[in-house]
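What follows draws every value from the coordinates through simple rules; no lab data is involved. This one's a predicted model, so the numbers in the text were calculated from it and none came from an experiment. Cβ placement follows ideal geometry from the backbone for every residue including glycine, while neighbour counts extend to all protein chains displayed.
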Amino acid sequence: MPSYTDPLLHGPEHEVMSLRTLTAYVVISGGCWAFVLMIEASDNHNDRLIRHLQSPSEKIQRQNEQLKVHQDDLTEANDRLSFIINEKTRNLKERDLLLMKYAFTNAHKVRAPLARILGLLMIAMHSPKEDLTWFVGQIEREAGEIDFLLKEISKDLNEVDTEDA
């Protein structure tokens, strides 16, 4: 192994070797420096792109959060409306049943005693006057039945009105 005091290391070959080493060092250092500059430029460009994309991304995120809040509000409003519609539908069905009951009562239960009264009056007009007491008693009974039925109808209708209030 040659020593540093070796005469071969101080001659022209040594200078060429040192010059080659120095040149290689400068070229490698320059290349590294160029790569560092390229990496820094790329990092700066990437940072600008990230900042440029973050603003729209944050805006989209805020809009998405607002949409979720509005969706929750709409879902709640829809649930309330569904409840109201179901209540109104139930009330309408109850009223429909009441109207059907009223129509049946009117057509059959009220009209029947009224028709009997009208029939009794027709017979009474053509009967001798001494039988009128019986006719009046029958008419009074039928009128009482009509009065009772009308009071029942009125009570049913009032119950519906107080339920809706």
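Data table
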| quantity | calculated |
| --- | --- |
| Cross-link table 88/155; 68/88; 101/151; 88/109, entries beyond 20 Å C-alpha to C-alpha | 88/155; 68/88; 88/109 |
| Residue among 91, 77, 50 farthest towards the positive dipole end of the chain, charges placed on Cβ | 91 |
| Positive minus negative residues near residue 139 (Lys, Arg vs Asp, Glu; Cβ under 14 Å) | -3 |
| Separation between Cα centres of segment 119-155 and segment 27-62, rounded to whole Å | 105 Å |
| Among 14, 52, 126: highest mean-square fluctuation, GNM of the chain, C-alpha pairs under 10 Å | 14 |
| Listed candidates (1) -0.57, -0.81; (2) -0.52, -0.78; (3) -0.84, -0.98 - label of the one calculated as log10 I(q)/I(0) by the Debye sum over Cα atoms at q = 0.11, 0.14 Å⁻¹ | (3) |
